[in-house]
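The values are calculated or read from the model by the stated rules, or taken from the named source; none is laboratory data. What you see is a predicted model; the values in this text were computed from it and never measured. Every residue, glycine among them, receives a Cβ derived from its backbone with ideal geometry; neighbour counts consider all protein chains shown.
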Amino acid sequence: MLTIKDPTKGLVAHGVSTCAGCGLELAIRVILDVMGENTIIVIPPSCSALFSGFGNETTLRIPGVQGNLENTAAIAAGVRAGLEYQGKGDINVLGLAGDGGTADIGLQSLSGALERGDKILYVCYDNEAYMNTGIQGSSSTPMGAWTTTTPYGKPVKRKNLMQIVGAHGIPYAASASIGYIDDLRKKVVKAKAAIAEGPAFLHIHAPCPTGWGYDPALTVELAKLAVSTRCWNLFELVDGSKVNITKKVNKVKPAEEYLTPQKRFTGIDATTLAMVQTQIDKDYARLELLAGLSCETDSAA
Amino acid sequence: MAEKVKTIYGPCALVYCSTKTGTWRIVRPQIDGEKCVLCGICEKYCPTGVVNTIKMKTEDKKKAEGRVEIDMTYCKGCGICANVCPHDSITMIDEREA
Amino acid sequence: MKKVMLEGNFAAAEAMRLARIGVVSAYPITPQSPIAEVLSEYTGDGRLDAKYIRVESEHTAMSVAIGAQLTGVRTGTATSSVGLALMFEMLGVAAGLRLPIVMPVVNRALVSPWSLWCDHQDSMAARDTGWMQLYAEDCQDVLDLCLIAYRAAENGDVLVPTMVCMDGFFLSHMSQAVYVPSQQDVDDFLPPYQAKNLKLDIADPMFVNNLIPPTEFMEMRYQQHTGFSNALPVLNTAMKEFETQFGRSHSPIEPYCCDDAEAILISLGSMSGSVKEMVDQYRAQGKKVGNLKIVSFRPFPEEDLVAAIPRGARVGVLDRSMSMGAPAGPVCNDVRSAISNQGLNVRIQGFVVGLGGRDVRPVAITSAFDRLLAGQYDKDVQWLDMSDNAMTLRQYREAI
């Protein structure tokens, strides 16, 4: 039996070795608060593995297993299958991986699980680089950002993970942000309900003071700025086709306002900045178009 | 309850506990009780989950009474609470002056 | 018990069905594909009550098996060659988490060069991942060894996953008469699976497989080593119990005409049948030769193996793979180490045979026996039944 040494108010210990101001730490508390103790968690080696614990100590009060970097979805699928076989399908299975473990090395096993319709909730907390190994660039690192493997700024744009996930037509997918906790909580509630039907996916923006180079106090402020500059858009994808923008940004701020406080964008030149802004505008226009299209489909139906 | 010792082979963690992350702190949050309206936003956004807003029941429903408690055993001093506070009621002060 | 014509792949699938695996995750690969196919058929038509997870890779196949087995279900997967190589990372996880998964491995060469055909390089490359390895000689062996493997691997003192290896095509696609036991008999032999160790259970939470500090890592590896130390006697017992239940005897090593032999060839898998055939022919000519078949390569039955070799006998090992840069193939290296560890001073001739689907023909076996009988010894490993032009297979004209 798990020995409870330090009681807590939720399912996550209060003292965890994540950095001060960690966006992921904020996210996992909300997620597990909604998912509850009838949940089994799968975590890859990553920043989230700090919650798995060290030696005989863990910071999670629910059963969990640490897999490998690329197979969070696969192990979760296995856990789910084992539970279903034993008639324990009411237990939630949750995978929690970073952008590297999801959009890069874990993309294949994620795609496999989504295509098969495995009834799991997969959460990708996106801190836009390989933070736990020391800030190396990932396919989710934004254009222009410094990382230890993009020392002169990332020359190409980021992968559109939500679009990839959406292509699988799963019951529920949503992007969220630790800057909008109430919105995040609502989406976890919806995702939890959706796994009765099939896979659910959450893509959570989780700023990282250590990797991005900013004062830890600004984690939430930056997460909000990412949304108000349309650098991170909040929306849902229902059944892979219906798009709901959950936070419409009417008075958009220039991307620069979000980028400037972060050291990782210090070296960005005017040309790259213009390209970043153009891409942001295109992405948002496309998102609005998709949201409009799905509204029409709705009214027609 | 009767118990017996069971041996488990291989890697696992059987103790749920917290690291005393409060020792990391170089600045700490100080709350101005006069400005604080007990809105709970700092509690909502604290990554370590150590802020507790305690509201007392009062006869005048518009006026909130109570206090905000922060568990300094674990507070890392990140300053998010001060940053998100809409009423500027939290100040981060140097640990050495605290 | 009924006797039916079964290819090796189907014998493996029958064993898995009879063992009542609850979750299946297999990715097709030549020559293992029929196992993945027939298990999906069994789960589809209800002959097997299991969840079939149609995985997108062998890596995921093993990951799913690990996740499912942690919840307390006997799982089933199978693979071959590069599939086993892709699984490699997860083989160590299954072993380290002490999950007694039983997996048929259909032996096929590793790339490069590309080959669809049999040798043992795939399973030999995985020999240090912490899995038991049993090698089948025929299709009956495949079925029997799988059932024995569940029984031994799941023993609480062992908890070591097990590969049951069969030679690709030579066994996987060879139809032989196989006794298939009744479900009742197998149920008596194999109790329902229980998670005895690490598990994912809402009622008893633990965090499995987190980071382990240097102060504990070696101890956990030692626990695995102890599991292997226990494995050999447990395997012996399981084989005896199997014989009581089903009437067929098996042993971690099987000597054939070794008692008075002057020359012995050690072998694994299907080629052992050919070696025994040649032993009979040599014996008919009055030449005292024998065959020593290793069934259990991991755990390595060192004492029994050395005891089976009479004093003064000359010994050679037929390896169906090569440990590049080492003195010989992996089986030969282990036999040499066993001989030395048992305090004997016997020189063991290394041979490499039958790579990439090449038959282990009589010519290879006779040349090995003849060398041993003539007292020839070469410290270099001998590659048998090879073309003379091995080093000039491809040539082209180039402008000077």
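What to note about this one:
- Matching residues, the range A:42-55, being within 11 Å of chain B (Cβ to nearest Cβ) and assigned to a helix (DSSP H, G or I): A:LEU50, A:PHE51, A:SER52
- Close pairs from the range A:13-26: first within 7 Å of chain B (Cβ to nearest Cβ) and closer than 17 Å to B:ARG25 by Cα, partner surrounded by 24 or more Cβ atoms within 10 Å (Cβ to Cβ) and among the basic types (Lys, Arg), Cβ under 8 Å, at least 6 apart: A:ALA20/B:LYS76; A:GLY21/B:LYS76
- If you filter the range B:11-53 down to residues that are assigned to a loop (DSSP other than H, G, I, E, B) and small (Gly, Ala, Ser), you find that the one that is farthest from the other protein chains (Cβ to nearest Cβ) is B:GLY33.
- Residue satisfying condition, being modelled with pLDDT of 95 or more, within 14 Å of C:ALA263 (Cβ to Cβ) and among the charged types (D, E, K, R), within set C:ARG371, C:ARG336, C:ARG361: C:ARG371
- Meets criteria (outside any helix (DSSP H, G or I), touching a Lys or Arg at 6+ places or on another chain (Cβ under 8 Å), over 30 Å from B:LEU14 (Cβ atoms) and of a type in the set (A, V, I, L, M)) for C:ALA328: yes
- Qualifying positions in the range C:96-116 - within 25 Å of C:TYR193 (Cβ to Cβ), outside any strand (DSSP E or B) and away from chain A (no Cβ under 14 Å): C:PRO100
- Whichever residue in the range A:81-102 is within 8 Å of chain C (Cβ to nearest Cβ) and out of contact with any Gly (no Cβ under 8 Å at 6 or more places or on another chain) and, among such residues, is surrounded by the fewest Cβ atoms within 10 Å (Cβ to Cβ): A:LYS88
- Checking each residue in the range C:4-27 for being among the polar types (S, T, N, Q) and in a loop (DSSP other than H, G, I, E, B) picks out only C:SER25.
- Taken together, C:GLY247, C:GLY269 contain a single residue that is farther than 30 Å from A:VAL93 by Cβ, buried (at least 17 other Cβ atoms within 10 Å of the Cβ), more than 14 Å from chain A (Cβ to nearest Cβ) and within 24 Å of the chain's Cα centre (by Cα), which is C:GLY269.
- Test: residue in the range C:355-374 that is touching a Cys at 6+ places or on another chain (Cβ under 7 Å), in the same structural domain as C:MET322 (by TED's automatic domain parsing) and within 20 Å of C:GLY269 (Cβ to Cβ): yes
- With respect to (1) in contact (Cβ under 8 Å) with a residue 12 or more places away in the chain; (2) within 7 Å of chain C (Cβ to nearest Cβ); (3) not in a strand (DSSP E or B), the lone exception for A:VAL65 is condition (3).
- All strands (runs of 3 or more DSSP E) inside the range A:155-273 with 3 or more residues being at pLDDT 95 or above, surrounded by 20 or more Cβ atoms within 10 Å (Cβ to Cβ) and in contact with a Cys (Cβ under 9 Å, 6 or more places away or on another chain): A:200-205
- The number of residues in the range A:30-41 that are surrounded by 24 or more Cβ atoms within 10 Å (Cβ to Cβ) and facing another protein chain (nearest Cβ under 7 Å) comes to 1.
- Filtered residue count, the range C:62-95, keeping only those that are of a type in the set (D, E, K, R) and either buried (at least 24 other Cβ atoms within 10 Å of the Cβ) or more than 11 Å from chain A (Cβ to nearest Cβ) (or both): 1
- Here A:LYS88 meets the list (1) assigned to a loop (DSSP other than H, G, I, E, B); (2) basic (Lys, Arg); (3) touching a residue at least 24 places away in the same chain (Cβ under 8 Å) almost entirely, failing just condition (3).
- Taking the conditions (1) loosely packed, with under 15 Cβ neighbours inside 10 Å; (2) polar (S, T, N, Q); (3) under 14 Å from C:ILE266 (Cβ atoms) in turn, C:GLN349 satisfies each one other than (1).
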